[in-house]
Structures are given as C-alpha cells and as structure tokens.
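Report on one structure; see the data block that follows.
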Amino acid sequence: MAARRRRPRRPLRLRHRPGRRSYVEGLRGLPSSLAAAGAERSLVARRPVPDRATAIFMALFYDHLTQAGSYETALRQTKRDIIGARLPGVGPKTWLAFVLIEN
C-alpha cells in the first residue's frame, strides 16, 4: 500500500480590511485609559456578550464581591457559578469573555 502524500500546509493569511477593526483591537487601549483616569482595576469583556448574560454575570459578581471582599475571589467564584449552573439566557462559555485587569 502506497503512503499517502500530505499536502504542504499553506501559511495562514489574514486579510486586512481597511477601515474595519476587530472587537479586541477596540479594547486594546481601554485598560490604559481607565488606569490614567484613576481606576485601580478593570473588569472587561474580551468579546461581545449578550446584555442578559452580562447582567446576570455582573449581579453574581457583585454578590460574591460583597461576601468575599476580594475581586479575584469574586471573579473566580462567579465563573464557577456560570460554568456549573444552567442559567436561562447565559451561554456556558460566557465566563470566558470576562477578564480582570489590575492597574
């Protein structure tokens, strides 16, 4: 039996579209701007998240923040809640979008 010849992989080509920016490109300077304005930390979404999912995520986050007193612990517990619970209107990967940036 003859060995199958593998095609050489083509390099990934990203097309630049003048005038169009990705969502992440728009967030690039946001943490720096918030730090310049005096914010000690920023909780931002790295990709668009539906409004209902964001509202539920933030409500859980602030509930945990009042109990834990630590932003890192509150975020960790909120992500665990989202992963483990089946909440209506909240996708299972909603927690992936949110990241805490300390300035």
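Any read-out appearing in this document is the output of simple, stated calculations on the displayed coordinates, not a laboratory observation. Note that the structure is a prediction, hence the values are computed from the model and not measured. With ideal geometry, Cβ positions are generated from the backbone for all residues, glycine too; neighbour counts draw on all protein chains shown.
Using the 10 angstrom Cβ neighbour count as an exposure proxy, how do THR66, THR73 rank, fewest first? Write out the running numbers ahead of the final one.
On the way: THR66 9, THR73 13.
The fewest-first ordering by Cβ neighbours comes to THR66, THR73.
Taking 0.36 nm per residue of separation and subtracting the current Cα-Cα distance, fully stretching the chain between LYS93 and ALA35 would add 18.1 nm.
From Cα pairs below 8 angstrom and at least 6 apart in sequence, can you work out the relative contact order of segment 23-102, rounded to a whole percent? Mind showing how you got there, number by number?
Numbers: 73 pairs, mean separation 32.0, N = 80.
Over segment 23-102, the number comes to 40 percent.
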